[in-house]
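Notes follow once the structure below has been shown.
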Amino acid sequence: MSETILIVEDEPKIARLARDYLEKNGYRVLVAGDGDSGLAMARREKPDLLVLDLMLPGMDGLDVCRAIRRESDLPIIMLTARAEETDRLIGLELGADDYISKPFSPRELVARVRALLRRAKGNVYVPGVIRVGDLELNTESHSVNLAGESLHLTRIEFSLLQTLAQHPGQIFSRAQLLENLHGVAYIGYDRSIDAHIKNLRRKIEADPANPRYILTVYAVGYRFNDEL
Ligand code: CA
């Protein structure tokens, strides 16, 4: 059975383009033109993934995102305009899984949908060992090997690496990473994460200036490469 994607988008041209491409790639597609009907449709049709525009008439995308997150883990990709950077951050904090900036290529949308669906399905936490590329993390002994060589990481570096590597492809804001480390959000100290990431890259990346494992998501935060 093909997976169902719900698109909530008020611009008919964009909705149509997204729908056509997703259908061509074998997905069943539903479209809603505003936030209220989108939320109602999400509840009624139980899609496998939601593509959610942020600027919508009536209930906006952030409201829809918040409402859905209270009820389910439905994977959400936000569509945002470049000017909506703050909204994008709020959206990620509210629990959206990914975002695409407009204008976007339909091919990119299909690729993101596919990756997120794959991630959502494999979203089972397996304790023990995480292997990616040449990296091997043991989450019980808190040890890390790179191509067989043992690395010395600080507690914070290990924890950051574990968070990112356990969810390849998922975008984490600096605030989310801080919250993961300390259990609370330290508003205003977001940038301290950058220093830890820099140290971590020096230890795990062959070329820290062109990282292969931990990628920077411009204006948002970091994600672990899911194409390794
Ligand atoms: Ca819109």
Condition test on R88, is it at pLDDT 90 or above and among the basic types (K, R)?
no
Criterion (surrounded by 15 or more Cβ atoms within 10 Å (Cβ to Cβ) and over 19 Å from the mean Cα position of the chain (by Cα)) met by exactly one of G91, G26, G61, G38:
G38
Please verify whether S141 is open to solvent by 50 Å² or more (accessible area, probe 1.4 Å), touching a strand residue (DSSP E or B) at 6+ places or on another chain (Cβ under 8 Å) and either over 21 Å from P47 (Cα atoms) or not in a helix (DSSP H, G or I) (or both), treating the condition exactly as stated.
no
The residue from E71, E140 that alone is more than 16 Å from the ligand (Cβ to nearest atom), more than 17 Å from the chain's Cα centre (by Cα) and under 30 Å from I204 (Cβ atoms) is E140
For R44, are the conditions met, namely being at pLDDT 95 or above, more than 16 Å from the ligand (Cβ to nearest atom) and either open to solvent by 60 Å² or more (accessible area, probe 1.4 Å) or within 21 Å of the chain's Cα centre (by Cα) (or both)?
yes
Looking at region 1-97, what helices (runs of 4 or more DSSP H) fall wholly within it and have at least 2 residues that are touching a strand residue (DSSP E or B) at 6+ places or on another chain (Cβ under 6 Å) and not assigned by TED's automatic domain parsing to the domain that holds L109?
none
Of all the residues that make up region 1-23, how many are within 22 Å of T80 (Cβ to Cβ) and open to solvent by less than 40 Å² (accessible area, probe 1.4 Å)?
9
Give region 196-217 a look and list any residue that's over 13 Å from the mean Cα position of the chain (by Cα) and exposed (fewer than 14 other Cβ atoms within 10 Å of the Cβ), or say none.
K198, R202, A206, D207, A209, N210
Which pairs have Cβ atoms under 7 Å, sit 6 or more apart or on different chains, and link a residue in region 57-86 that is free of Cβ contacts under 8 Å to residues at least 24 places away in the same chain to one that is of a type outside the set (A, V, I, L, M, F, W, C) and within 16 Å of the ligand (Cβ to nearest atom)?
R82/S101
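The values are calculated or read from the model by the stated rules, or taken from the named source; none is laboratory data. Quantities reported herein were computed from a predicted structural model and do not represent experimental measurements. No Cβ is skipped: glycine too gets one built from the backbone with ideal geometry, and neighbour counts run over all protein chains shown. Heads up: the accessible areas ignore ligands, DNA and RNA and are worked out on the full protein's heavy atoms, side chains in. Shrake-Rupley method; radii C 1.70, N 1.55, O 1.52, S 1.80 Å.
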